[in-house]
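Worksheet: the structure to be examined is printed underneath.
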Amino acid sequence: VTPHEHGLAAVGADLDHLPAAMRGLDELALATTAEVLRRAGLFRPGVRHTAEQVLDRLRVASRHRWIVHGWLRALVEEHLLRRDPATGLLHDLSPTTPAARVRADVPRLCARLGYPPAVSAFFLAAAERLPSLLRDEVSAQSLLFDAGDTATADGVYRGNVVNTYLNAVAAAVAAERLPTSRRARVLEVGAGVGGTALPLLAALRDRDLEYVFTDVSRFFLDGARDALGEDRRVRFALLDVNDAAAATPAPDADLVVAANVLHNAVDVRDVLRRVRSWLRPGGALVLVESGRELRQASVSMQFLMSPAPGARPAGDGDLRAGQNRVFLTRDEWTAELHEAGLHVRTSLPPTGHPLDALGQFAVIAERTTSHPNRS
Ligand SMILES: C[S@@+](CC[C@H](N)C(=O)[O-])C[C@H]1O[C@@H](n2cnc3c(N)ncnc32)[C@H](O)[C@@H]1O
């Protein structure tokens, strides 16, 4: 059984409806952003604006300005807004489906994608509070972790269709690659609410294993200690992947797991070289990422990705600099991994598969023995 077949077995056969459900959530994002712009009095007939004028009118906090640049880019790409090629001026915002009508469909779309009701409630709460989120009067963290509750985040990273598939892929790869003749060592970075750690540890329950669960934030380590503290295979440590001076809490790892975290790299090449140095030769990185800016995320999860005031934004030192985006495409990851001396062995789901429409993928890249750049 290949990792892909293992992943498919975890999600069942009925996947053809996924692209349409995802598109439905995209439409929520487009309708909602168009509504926010219109309600702010922007794009009245015959009026042209620069992007900066739009941002100023919405009084967007400086750390969130990249998000609105993304909205404008998306509306132009979807032919809902015109951008004058010579001047860059924006105009003629087309009518969209009324946002209220699109919102009514969100619980059904979320259910089709395997998200629990808490996730659809989060998407709707964020959509309704966009002007306040933009001005930093409300934080996305407060909507996602309502009174310290991680149920919504659990549903975002685990249990839904695409993450169930990707976690099953990761578990199959781990089972196949981890040594059985000695204790295997797994280092997870940005392990967060354990969206990947929990299913991985369950799938590897019979294995002699040391699992080093790390995150940049104590909030997540405390939560993980509650959920996993009883499992004697697990150790916990603080680790910031951007910290060049950080010593790894798990040298010579057989596997490094990084699920939805490495896009936080300030310089992705730097971080991948660091990850490589934490692996033993022949060890592998399991990387889970989104390969594009999801329209839905631009009205919800992206607010969690804005840098803290004064901090360097993700991508500031790499190929994303100045582009108002956080994600690298799958091809860009493949090239960066290669550059760092990590050779891609598996990349799933296959492009064009219905699961691919959900935007996330897993790449398994092996530490080649040769020097980075010469691999
Ligand atoms: C989108 S969440 C994913 C959580 C987890 N991997 C999962 O799938 O459930 C991203 C996680 O990365 C962590 N993170 C963000 N920046 C980081 C950094 N520079 N180094 C390590 N972890 C980081 C966050 O605290 C958060 O827990």
Between ALA362 and residues 5 or more places away or on another chain, which pairs have amide H atoms under 5 Å apart, with H built 1.01 Å from N, and which residues are they? LEU348
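Could you sort the peptides 308-315, 54-61 by per-residue average Cβ neighbour count (10 Å cutoff), highest mean leading?
Values: 308-315: 13.9, 54-61: 16.8.
Result, highest mean first: 54-61, 308-315.
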Counting DSSP beta bridges in the chain, what percent are antiparallel, to the nearest 5? 45 percent
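Rounded if a/c is under 1.5, else prolate if a/b beats b/c, else oblate: with a ≥ b ≥ c from the C-alpha gyration tensor eigenvalues square-rooted, which is segment 148-249?
Details: a/c = 1.55, a/b = 1.08, b/c = 1.44.
Judged from the Cα gyration tensor, segment 148-249 comes out oblate (a/c at least 1.5, b/c at or above a/b).
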Amide H proximity to GLY283 below 5 Å, modelled H, separation 5+ or other chain, gives ARG367
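In the calculated pair distance distribution of segment 3-66, what percentage of Cα-Cα distances lie above 19 Å?
Numbers: 1133 of 2016 pairs.
Value for segment 3-66: 56 percent of Cα pairs lie more than 19 Å apart.
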Tally the DSSP beta bridges in segment 222-375 and give the antiparallel ones as a percent, rounded to 5. 70 percent
When segment 212-285 is reduced to its Cα atoms, the Kirkwood hydrodynamic radius in Å: 13.1 Å
Each residue of segment 14-26 in order: what ³J(HN,Hα) in whole Hz does its phi give by Karplus 6.51 cos²θ - 1.76 cosθ + 1.60, θ = phi - 60°, with x for Gly and Pro? 8, 10, 5, 7, 5, x, 5, 5, 5, 4, x, 5, 4
Residue-normalised value, i.e. accessible area per residue, for the chain at 1.4 Å probe, in Å², stands at 43 Å²
Separation between Cα centres of segment 117-173 and segment 272-295, rounded to whole Å: 22 Å
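Would you mind classifying segment 220-371 by shape? Square roots of the alpha carbon gyration tensor eigenvalues, ordered a ≥ b ≥ c; an a/c under 1.5 is rounded, otherwise it is prolate if a/b is larger than b/c and oblate if not.
rounded
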Given H placed 1.01 Å from N in the peptide plane, which residues other than close sequence neighbours of ARG185 have an amide H under 5 Å from its amide H? GLU210, ASP254, LEU255
Just need log10 I(q)/I(0) for the chain at q = 0.07, 0.09, 0.12 Å⁻¹, Debye formula, equal scatterers on the alpha-carbon atoms, no solvent, rounded to two decimals. -0.32, -0.53, -0.93
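Shape call for segment 95-164 from the C-alpha gyration tensor, a ≥ b ≥ c root eigenvalues: rounded (a/c under 1.5), prolate (a/b greater than b/c) or oblate?
oblate
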Residue separation between ASP149 and THR329 times 0.36 nm, minus their alpha-carbon distance, gives in nm 61.6 nm
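Sorting check: for 128-138, 8-18, which peptide has the highest mean count of neighbouring beta carbons within 10 Å, and how do the rest follow? Mind dumping the intermediate values first?
Details: 128-138: 16.9, 8-18: 14.1.
The densest-packed peptide leads the list: 128-138, 8-18.
For the chain, which whole-number percentage of the solvent-accessible area (1.4 Å probe, protein heavy atoms only) is attributable to carbon and sulfur atoms?
Details: 8020 of 16210 Å².
Of the solvent-accessible surface of the chain, carbon and sulfur hold 49 percent.
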For segment 316-375 and segment 225-240, distance of Cα centres in Å: 28 Å
Return the sequence-ordered ³J(HN,Hα) values of segment 100-108 in whole Hz as given by the Karplus equation 6.51 cos²θ - 1.76 cosθ + 1.60 applied to θ = phi - 60°, using x for Gly and Pro. 4, 5, 5, 4, 4, 8, 4, x, 5
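The values are calculated or read from the model by the stated rules, or taken from the named source; none is laboratory data. Everything quoted here is computed from the prediction, not taken from an experiment. Heads up, the Cβs are rebuilt from the backbone with ideal geometry, glycines too, and the neighbour counts pull from every protein chain shown. For accessibility, only protein heavy atoms count, side chains too; no ligands or nucleic acids. Shrake-Rupley method; radii C 1.70, N 1.55, O 1.52, S 1.80 Å.
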